[in-house]
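K.L.:
Dumping the structure here so I can ask a few things about it.
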Amino acid sequence: MVSAYIDKIKTDESLRSDEAEQCLDTILEKDVPDQQIAKLLRALSEKGESADEILGFSRALLAKSRPIPLPSNAIDSCGTGGSGLNRFNVSTTAAFVLSAGGVPVIKHGNKGSKRPNGSFDLLEKLGCEFDFEDDQLQKVFTKTKVCFLFARTYHPVMKKVVTARQIANRRTIFNLSAPLCNPANPQYQILGTIDVEMGRKLVEVLRQLGRTRFLIVIGEPGIDEISISGSTHIFELADGIIKEYHIKPSDFGITERDYNTIPGGDNDENAEIFLSLLKNQTPKSIMDLVCLNAGAAFYCFGRTDSITEGFDLSKDLFARGLVQEKFFEYKRLSNGID
């Protein structure tokens, strides 16, 4: 069955969303050889994954995800990765800023695939637990308004494609669909990607997945977050209408910085930066980067009327020590200390 899909893709024809969903269902439920799965992933990548294919894979993954007892009136912020640059965990840090500002955050993510630089590498380095039973998860979220869903826990079926992804040895459709598959189905989302053409496809996918409001951001020099190193291309869905526009650092009084000068790296370095940030002792570039991205999420959720207001709110939350309080509250509760 999978071979028929491969043959279709190799004629440069895209799968319909229902075909893509059935294709992944077959892979996850049947005994499909790893080499054949890898062949499919390479064929999709070489053709260029369509919106329908990403949607179908996302629906299949969501249907098989572990159920979660959390409300959907929350926001998620994540990226598709792929920049290959050293970086700080901006969206993970922003989660604590948002919750400190009263916005519920259900962040879905993973560890780094090649280096210990993912969201959950940072949380682990900071001594935070995140792999909970449902009752503990609800308790932590109810009290702190922030929680982190480890993708490997909530998408156990992905074990079936680990070897095939290694054989394919490239970014695949799973890098695009996984960030869309938060099992809590939050109604608000900031999604970063590194390519405007892919951003246009993801607009349609998120709309079909039923998000109430979202921002898709593509920052210079090819990063999956809002940039202080150049302009950021944004697609916004609000009230059923898609808007497309650009923002730049100077719009917010931010001095543009060369991306290579912004600190960031693996979990050791990023944990040091994070703890310094809580004390307002980190370079201004990191504070600006985090506050601008958190500000966009405040705006997306409707907590503020503009990204500028969200940016200012984020800076104020740091200055008043509320982000630091929120982080240590989460750390305490996540370790069962209450």
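The values are calculated or read from the model by the stated rules, or taken from the named source; none is laboratory data. Remember, it's a predicted structure, so these values are computed and weren't measured experimentally. Every residue, glycine among them, receives a Cβ derived from its backbone with ideal geometry; neighbour counts consider all protein chains shown.
K.L.:
Could you grab me the full set of residues in region 202-256 that are in a strand (DSSP E or B) and of a type in the set (D, E)?
P.N.:
Narrowing region 202-256 to residues in a strand (DSSP E or B): 213-219, 223, 232-238, 241-247.
E236, E244, listed by residue number.
K.L.:
Moving on. Give me the pairs, please: first residue somewhere in region 172-186 and within 20 Å of F141 (Cβ to Cβ) and among the polar types (S, T, N, Q), second residue anywhere and assigned to a helix (DSSP H, G or I) and at pLDDT 95 or above, beta-carbon distance under 8 Å, and either six or more positions apart or on two chains.
P.N.:
N185/L62
K.L.:
Quick one: in region 143-153, which of the residues that are in a helix (DSSP H, G or I) and at pLDDT 95 or above is farthest from G240 (Cα to Cα)?
P.N.:
Filtering region 143-153 down to residues in a helix (DSSP H, G or I) leaves 143-144, 151-153.
Okay, now just the ones that are also at pLDDT 95 or above, so 143-144.
Values: K143: 32, T144: 31 Å.
For region 143-153, the residue satisfying everything is K143.
K.L.:
So, one more: Do we have any residue at all in region 201-222 that's surrounded by fewer than 22 Cβ atoms within 10 Å (Cβ to Cβ), among the basic types (K, R) and farther than 28 Å from P71 by Cα?
P.N.:
no
K.L.:
A further question on this structure: Are any residues in region 99-116 under 25 Å from L317 (Cβ atoms) and either more than 19 Å from the chain's Cα centre (by Cα) or outside any helix (DSSP H, G or I) (or both), and if so, which ones? Even if it seems obvious, please write down each step before you answer.
P.N.:
Restricting attention to region 99-116, the residues satisfying the condition of being under 25 Å from L317 (Cβ atoms) are 99-109.
Selection gives A100, G101, G102, V103, P104, V105, I106, K107, H108, G109.
K.L.:
Could I ask something else about it? Mind checking whether some residue in region 191-206 is of a type in the set (D, E), more than 25 Å from L149 (Cβ to Cβ), at pLDDT below 95 and touching a Lys or Arg at 6+ places or on another chain (Cβ under 9 Å)?
P.N.:
The initial filter retains those residues of region 191-206 that are of a type in the set (D, E), namely 195, 197, 204.
Among the residues that remain, those that are also more than 25 Å from L149 (Cβ to Cβ) are: 195, 197.
Of the ones still in play, those that are also at pLDDT below 95 are 195.
Retained after the next criterion (residues that are touching a Lys or Arg at 6+ places or on another chain (Cβ under 9 Å)): none.
Among the residues of region 191-206, not one is of a type in the set (D, E), more than 25 Å from L149 (Cβ to Cβ), at pLDDT below 95 and touching a Lys or Arg at 6+ places or on another chain (Cβ under 9 Å), which makes the answer no.
Listed here are the residues, each with its yes/no results for (1) under 22 Å from L209 (Cβ atoms); (2) touching an Asp or Glu at 6+ places or on another chain (Cβ under 9 Å); (3) among the acidic types (D, E).
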site	(1), (2), (3)
K10	no, yes, no
S17	yes, yes, no
Q35	no, no, no
E49	yes, no, yes
G56	yes, yes, no
A63	yes, yes, no
G79	yes, yes, no
T93	no, no, no
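K.L.:
Pull up region 291-332, narrow it to residues that are closer than 22 Å to Y245 by Cα and among the small types (G, A, S), then point me to the one that is surrounded by the most Cβ atoms within 10 Å (Cβ to Cβ). Show your work before the answer.
P.N.:
Step one: filter region 291-332 for residues closer than 22 Å to Y245 by Cα, giving 291-312.
Okay, now just the ones that are also among the small types (G, A, S), so 294-297, 302, 306, 310.
Numbers: A294: 33, G295: 28, A296: 27, A297: 29, G302: 13, S306: 12, G310: 28.
Per the criteria, the residue is A294.
K.L.:
Another one. Need at least 1 residues that are within 21 Å of K159 (Cβ to Cβ) and of a type in the set (D, E, K, R) per element, so show me which helices (runs of 4 or more DSSP H) inside region 2-75 make the cut, counting only ones lying wholly within it. Working first, answer last.
P.N.:
Details: elements: 2-10, 17-29, 34-47, 51-63.
Here the list reads 17-29, 34-47, 51-63.
This table checks each residue for (1) closer than 25 Å to F301 by Cβ; (2) surrounded by 20 or more Cβ atoms within 10 Å (Cβ to Cβ).
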residue: A100; (1), (2): yes, yes
residue: P116; (1), (2): no, no
residue: D121; (1), (2): no, yes
residue: E129; (1), (2): no, no
residue: Q138; (1), (2): yes, no
residue: C147; (1), (2): yes, yes
residue: Q166; (1), (2): no, no
residue: R170; (1), (2): no, no
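K.L.:
Being under 20 Å from the mean Cα position of the chain (by Cα), on the phi < 0 side of the Ramachandran plot and either basic (K, R) or not in a strand (DSSP E or B) (or both) narrows it down to one of L289, L277, so name that one. Explain how you work it out, then say what you get.
P.N.:
Details: L277 fails: under 20 Å from the mean Cα position of the chain (by Cα).
Step by step, each of L289, L277 is checked, and only L289 is under 20 Å from the mean Cα position of the chain (by Cα), on the phi < 0 side of the Ramachandran plot and either basic (K, R) or not in a strand (DSSP E or B) (or both).
K.L.:
Taking G264 as meeting all but one of (1) under 20 Å from the mean Cα position of the chain (by Cα); (2) part of a helix (DSSP H, G or I), write down the number of the exception.
P.N.:
It is condition (2) that G264 fails.
K.L.:
Would you call E204 within 16 Å of the chain's Cα centre (by Cα) and in contact (Cβ under 8 Å) with a residue 24 or more places away in the chain? Break it down stepwise before answering.
P.N.:
Numbers: within 16 Å of the chain's Cα centre (by Cα): no; in contact (Cβ under 8 Å) with a residue 24 or more places away in the chain: yes.
Against the criterion (within 16 Å of the chain's Cα centre (by Cα) and in contact (Cβ under 8 Å) with a residue 24 or more places away in the chain), E204 does not qualify.
K.L.:
Let me spell it out: the conditions are (1) in contact with a Phe, Trp or Tyr (Cβ under 8 Å, 6 or more places away or on another chain); (2) farther than 30 Å from T144 by Cα, and Q36 meets all of them except one. Which number is the exception?
P.N.:
(1)
K.L.:
Right, next: Answer yes or no: is there a residue in region 152-159 that is surrounded by 21 or more Cβ atoms within 10 Å (Cβ to Cβ) and in contact with an Asp or Glu (Cβ under 6 Å, 6 or more places away or on another chain).
P.N.:
No, because not a single residue in region 152-159 is surrounded by 21 or more Cβ atoms within 10 Å (Cβ to Cβ) and in contact with an Asp or Glu (Cβ under 6 Å, 6 or more places away or on another chain).
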